[in-house]
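The values are calculated or read from the model by the stated rules, or taken from the named source; none is laboratory data. What you are looking at is a predicted structure, and each value in this text was computed from that prediction instead of being measured. Glycine gets a Cβ as well: all are built from the backbone with ideal geometry, and neighbour counts include every protein chain shown. Calculation scope for accessible area: heavy atoms of the full protein, side chains included, ligands and nucleic acids excluded. Shrake-Rupley method; radii C 1.70, N 1.55, O 1.52, S 1.80 Å.
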Amino acid sequence: METLLRFFAIFKNFFVFLLLEILGLMLYFSYNSYQHGKYLNASNVVAGKLYGIRNEITGYMDLNNQNWDLARENASLKSQLYAANKALEYFREDSTYAIRRKIAEKNNYSFMSARVVNATFTKAHNYLTLDKGSNEGVRPLMGVVSQAGVVGIVSSVSEHFSLVIPVLNVSSQISVKVKNKSQTGTLVWKGDDYRYATLQEIPSYIPIAKGDSIVTSGYSSIFPEGIFVGKIGKYGRGKDQVLSIDVNLGPDFSKLVYVDIIDFKNAEEMKKLEKEGSLNE
Amino acid sequence: MNSSFNYKYLVHWLIYIAVQVLVLNGVDYLQMATPFLFILFLINLPADMARIPFLLTAFVTGLVVDVFSSTAGIHCTACVFIAYLKPLFCKALGPSDALTLTPSFRSFGQSRYLQYALSMVAIHHALFFFMENGSTNMLLSVLFRVVQSIIFTMLLVFSVEYFKYRHSSNEN
């Protein structure tokens, strides 16, 4: 009996160690999946607040560059406005244009501006924290874009913050296509270089060229069709007659500050319809 | 341990966590791997601290950093692991009376201390990056990150310890 007790006393530390490791691993396996991790991640209120304060301070250091970007964006918007006005003149009498405009209005997308308060981009599972949450109407599975292109998808929200799974996350998958071609593929990230993602599932008979634009396919309720993702870099023939294409991503993920969250007002309706349709089969 | 003694370590803990969360977690921006200096808190706690409170300290420290870096459970697991191994490394790499000392340049000697710290840092970082990656694909790129981070952390460890060493010798 005495030896047994002594035995237990010797291994007491080991049991505590084992218990804590099991607890840690349980956290690891239950929180590191796509939609989980509501409280134990940087979108919780304490972490969000703290990162918000840090950004208030460090935000000033980059103001000069931000100003330049805004000025450049202003310039390009002005020129777009000019071009759009000209186009409007041309289309005023065109009936097909009126129909297309009605469809766009019916699709009902709206954009909400948000600030990135925390971001990583050198890990395999990177995340962004934004300063808009459920109070401002952000919901999981909303798309996030910057002026330079697609950024990612909202995965979880708290009252004032939201957590985004960016393109730079090995579990990110976004449906995209080559601009002006109907064939769609999936954009994934292999986890190595934050400037490039990989486009899969484009058959090798599709003619593409370096520098072609990649845009969103619109085959989901997350992104409207035609939002810029990046440009084709190197590409080569992969397995099974499928191309493996490097996509030079539009946004510079190391310098993201302002992003837009896309609210597709009819997302619920679209999902409901698709569900009903599949039930009828 | 009297109460003022505990108080000192609580302040150290807060400083290490704040520096890690507010400054070092953002080092991603320099396009290098992230250093995890906060484990120096665990490395430098007195080696004669009772085992179970020490393991619990490691768990809570890891958990807090996990919450701030969206890495649920990973730092936790890695920290508890090195906390459990600490007496082994102290015995193997420190001076003969290591288990009664508080690890530092002064108590262990520079080379013994650095060997001890490097072992702890290396194990923590390797565990962290392999768990963070979640699979054994891209083994090389993960190894590269591990090595980069170890170098980065060890440079910071050396700077902190050297500063402490100089500071304390100036007082005498």
All helices (runs of 4 or more DSSP H) inside the stretch B:16-126 with 1 or more residues being closer than 19 Å to A:GLU21 by Cβ
B:39-44, B:51-69, B:74-93
Candidates B:THR77, B:THR61, B:THR57, B:THR100 - the one that is over 21 Å from A:ILE10 (Cα atoms) and more than 12 Å from the chain's Cα centre (by Cα)
B:THR77
Is there a residue in the stretch A:192-205 that is touching a residue at least 60 places away in the same chain (Cβ under 8 Å) and buried (at least 16 other Cβ atoms within 10 Å of the Cβ)?
yes
Qualifying positions in the stretch A:1-31 - hydroxyl-bearing (Ser, Thr, Tyr) and more than 23 Å from B:THR77 (Cα to Cα):
A:THR3
Only one of (1) within 13 Å of chain A (Cβ to nearest Cβ); (2) closer than 20 Å to B:PHE54 by Cβ fails for B:SER70. Which number is that?
(2)
Of all residues in the stretch A:117-141 being at pLDDT below 90 and aliphatic (A, V, I, L, M), which is farthest from B:PHE129 (Cα to Cα)?
A:LEU141
Conditions first: (1) more than 9 Å from every other protein chain (Cβ to nearest Cβ); (2) touching a residue at least 12 places away in the same chain (Cβ under 8 Å). B:VAL60 passes all but one, so which condition is the exception?
(2)
Criterion (polar (S, T, N, Q), within 30 Å of B:SER149 (Cβ to Cβ) and either within 14 Å of chain B (Cβ to nearest Cβ) or open to solvent by 10 Å² or more (accessible area, probe 1.4 Å) (or both)) met by exactly one of A:SER175, A:SER134, A:SER182, A:SER158:
A:SER158
Subset tally (residues that are at positive phi and either at the interface with chain A (Cβ under 10 Å from one of its Cβ atoms) or in contact with a strand residue (DSSP E or B) (Cβ under 6 Å, 6 or more places away or on another chain) (or both)) for the stretch B:105-158:
2
